[in-house]
Amino acid sequence: MLVAVGLNQKSATVADRERLAVRAEEMAEVVRGYAALAGIDEIVFVSTCYRVEIYAASHCPAAASLALRQALVDRGGPSLPLFELQGEDALRHLLRVAASLESAVVGEPQILGQVKDAHQRAVDAAVSGRELAAVMHRVFQVAKRVRSETAIGRSGVSWGSAAAALAEKVLGSIQGRKVLVLGAGEMARVSAQHLRDQGAEITVLNRTLSNAEALAAEVGGVARPLEALDEELAGVDIVVSAAPAAPAALEPAALAARMKERRRRDLVLVDLAVPRAIPAASGDLAGVWLCDVDDLARLTARAQAERSQAVTDAERIIEEELARWRKEQGERRAAPVIQAMRARASEIAREEVDRTVKRIGAEDPEIQRRLDAMANALVSKLLHAPSTRLRQAGGDAESGDRLIAAAVEIFGLPLDAAPPLRPYGA
């Protein structure tokens, strides 16, 4: 069964999420640690600015959920607002996450890539195999279908547009404004591209200058080493920090001195890191406007309300997929019982045909062929309705188990014909 345990921005603050955040250099070790917990067969660990969620395939979902919850509590403390989902509920949540319906900014395009990256990390760490590969393959297909068949992507708001919206509230038009982008990863790229499209002048700062130069070339900007930050702060209007740690120039004391030289001209700081990189005290300085990822989410609430039709269309696609999954799950769970039932009936029919042939003394192969055909037809017709009912009921774990157990007893089938609930994707 698929199990999901974690937290996200719907119930957890950025401070909560910080406590579970994992640095890139420790990610592999943490993922392998979660994979070794009791009840876990395979695992994928999704960690972004807005969510820390673990998806596991397990033959013992209760044990898996308990172990994952305890591991997250041990890391972040007992007050974390964790959720736990199993089976269809877990699959529905994962589908919604990949389709950006659970994002703080509905329609944002980054989450699908982040889920793909999380799965690839799990594969590379040898903690995700056949079961979750099948789950993720279907999830990726549905997410792509949502983006191609609905307006959710066109209605989406990227990190960059959310950051620009906040800056516009403080500074007015972005046209001609000077923007510093710290970092050169995906978050930095999305922000830089949108701010460039709004007419801003982009300067990219990064510890690795070649990475800064590559991004600057994409957005028609300038690249400089990170050490140039203090100098650049003299004339900049907006700083977008997409790096895991803020340089010393953004510490309260250093920034206070720089703001005095700027005559406290407004400076917008956008901190996209989780844990937050820019100290909260820096945002208390006169003329400094500091926001984090939760602030960006609040700014986009109105825009998301306008996407209701796109969301409805996306949810319809997800529910269609879940209905298909239930049907497949039922057929998969019922298949061993149906096979055993038909084998048992065919065995009886074969014995009766042989007995009849001997009794009437018929040695004509045509007669035996006709008797075989009649016996097979009777078996198929008599078992058609029970087989169909077993397939239909198999998708419901509780009623399906009862019906499968009844079929095993009624038809005298071997006990191993009644399988336990299989993990999704088997």
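The values are calculated or read from the model by the stated rules, or taken from the named source; none is laboratory data. Note that the coordinates shown come from a computational prediction; the quantities given were computed from them, not determined experimentally. Cβ coordinates were reconstructed from backbone atoms using ideal geometry, including for glycine residues, and neighbour counts include every protein chain displayed. Accessible surface areas use protein heavy atoms only, side chains included; no ligands, DNA or RNA. Shrake-Rupley method; radii C 1.70, N 1.55, O 1.52, S 1.80 Å.
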From the option list Glu108, Glu102, single residue qualifying as assigned to a loop (DSSP other than H, G, I, E, B), surrounded by fewer than 21 Cβ atoms within 10 Å (Cβ to Cβ) and of a type in the set (D, E, K, R) is Glu102
| said: Condition check: under 15 Å from Glu331 (Cα atoms) and either modelled with pLDDT of 80 or more or more than 43 Å from the chain's Cα centre (by Cα) (or both). Does Pro419 satisfy that? | reply: no
Open item on the list: Is it the case, given these coordinates, that Asp313 is surrounded by 14 or more Cβ atoms within 10 Å (Cβ to Cβ), more than 22 Å from the chain's Cα centre (by Cα) and not in a strand (DSSP E or B)?
Closed with: no
Of the residues in the stretch 1-25, those that are farther than 13 Å from Val52 by Cβ and either in contact with a Cys (Cβ under 9 Å, 6 or more places away or on another chain) or open to solvent by less than 40 Å² (accessible area, probe 1.4 Å) (or both) come to Met1, Leu2, Val3
Exactly one of Arg326, Arg344 is in contact (Cβ under 8 Å) with a residue 60 or more places away in the chain, in a helix (DSSP H, G or I), within 30 Å of Val97 (Cα to Cα) and out of contact with any His (no Cβ under 7 Å at 6 or more places or on another chain), and that one is Arg326
The one condition His93 fails out of (1) open to solvent by less than 10 Å² (accessible area, probe 1.4 Å); (2) farther than 30 Å from Arg207 by Cα is (1)
**Study point:** Condition check for Gly39: in contact with a helix residue (DSSP H, G or I) (Cβ under 7 Å, 6 or more places away or on another chain) and at positive phi
**Key:** yes
Of those in the stretch 249-296 that are without any contact (Cβ under 8 Å) to a residue 60 or more places away in the chain and of a type in the set (Val, Ile, Thr), the residue farthest from Cys49 (Cα to Cα) is Val288
Screening Val268, Val239, Val274 for residues that are in contact with a Ser or Thr (Cβ under 9 Å, 6 or more places away or on another chain) and not in a helix (DSSP H, G or I) leaves only Val274
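Residue by residue, here is whether (1) at pLDDT below 80; (2) open to solvent by less than 90 Å² (accessible area, probe 1.4 Å) holds:
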position: Lys327; (1), (2): yes, no
position: Arg333; (1), (2): yes, yes
position: Ala345; (1), (2): no, yes
position: Arg350; (1), (2): no, yes
position: Pro365; (1), (2): no, no
position: Asp372; (1), (2): no, yes
Query raised in the report: What do you reckon, is Pro244 of a type outside the set (A, V, I, L, M) and open to solvent by less than 60 Å² (accessible area, probe 1.4 Å)?
Result: no
Residue set Ala167, Ala192; condition within 19 Å of Ala104 (Cβ to Cβ), in a helix (DSSP H, G or I) and at pLDDT 85 or above; output residue Ala167
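For (1) in a helix (DSSP H, G or I); (2) at pLDDT below 95, each residue gets a yes or a no:
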| position | (1), (2) |
| --- | --- |
| Lys10 | no, yes |
| Arg19 | yes, yes |
| Glu26 | yes, yes |
| Arg32 | yes, yes |
| Ala38 | no, yes |
| Ala56 | no, no |
| Ala62 | yes, yes |
| Leu68 | yes, no |
| Pro78 | no, yes |
Pairs returned, first residue in the stretch 221-232 that is within 20 Å of Val190 (Cα to Cα) and part of a helix (DSSP H, G or I), second residue that is open to solvent by 70 Å² or more (accessible area, probe 1.4 Å) and at pLDDT below 95, beta-carbon separation under 6 angstrom, 6 or more apart or interchain, are Leu226/Arg207
For the stretch 247-288 the number of residues that are within 24 Å of Asp16 (Cβ to Cβ), open to solvent by 60 Å² or more (accessible area, probe 1.4 Å) and hydrophobic (A, V, I, L, M, F, W, C) is 1
Inside the stretch 111-126, the number of residues satisfying the requirement of being among the β-branched types (Val, Ile, Thr) and either open to solvent by less than 20 Å² (accessible area, probe 1.4 Å) or in contact with a Cys (Cβ under 9 Å, 6 or more places away or on another chain) (or both) is 2
Among the residues of the stretch 215-231, the number that are more than 29 Å from Glu25 (Cα to Cα) and either surrounded by 19 or more Cβ atoms within 10 Å (Cβ to Cβ) or touching a Phe, Trp or Tyr at 6+ places or on another chain (Cβ under 9 Å) (or both) is 1
Across the stretch 371-385, the tally of residues that are within 46 Å of the chain's Cα centre (by Cα) and charged (D, E, K, R) stands at 1
